[in-house]
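These notes are about the structure you will find just below.
The values are calculated or read from the model by the stated rules, or taken from the named source; none is laboratory data. Note that the structure is a prediction, hence the values are computed from the model and not measured. A quick note on method: Cβ atoms are made from the backbone with ideal geometry, for glycine too, and the neighbour counts reach across all protein chains shown. Note: areas computed on protein heavy atoms with side chains; ligands, DNA, RNA excluded. Shrake-Rupley method; radii C 1.70, N 1.55, O 1.52, S 1.80 Å.
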Amino acid sequence: MKNKFAHLVLALIANFYFVNIAYCQEPYVEAAAFPREREKCGLDFDCDVCNAYRYVSLGVGPIIFIPNVGIGYRERYSQLGWDTALSFSTIGYAHQLSAHLVGHYYFSPSRKNSAYLGLGLMGSGVLTNHEGGGATLSPDFVFGKELNGKSSHFIEMHIAIPTMWMDSKHAHAMCFPLMYIKYGISF
């Protein structure tokens, strides 16, 4: 069962990366012929949306009321992109260090401020001040929105379910979702 799940996740991630990159589908219009019409419509089309940046993030998770801080790197090429990050959460008694790798699919390949869906893999280590601790591994489903202007930033929500919990004695599946809400800004 674990092998089939791992193959399915890897196939979906590979699908994100090996699909041909979508190019701008804006119909050809002589730019010099209609300059005022393009200005009037107020569209912020940029057919070559391609950016990459490091970022810091602030948010909550893995349970909504626990503060979370992280660093990461993301790239976007028109309609496809990817993100990798490390984040840290603590409630004083228990601490979580998590890492994720997520592929993104942008709904509007020619807009800088596009919404996106993502699918990836999240792993984390959980430490407590007393004996114990463990690790988690789960698929990571992401919904977010790029908010690019003078600087690059975004807001997104991660949902990780089902989660495989592993400790020193055994491993079992948890159906309780780990949820993160993050705001990231480039540096």
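Quick check: net charge around Ser114, other residues with Cβ under 10 Å of its Cβ, Lys/Arg +1 and Asp/Glu -1? Net of charged neighbours comes to +3. Surface exposure of region 47-187, expressed per residue as accessible area with a 1.4 Å probe, stands at 49 Å². The mean sequence distance of close C-alpha pairs (under 8 Å, at least 6 residues apart), as a share of the length of region 61-158, puts its relative contact order at 19 percent.
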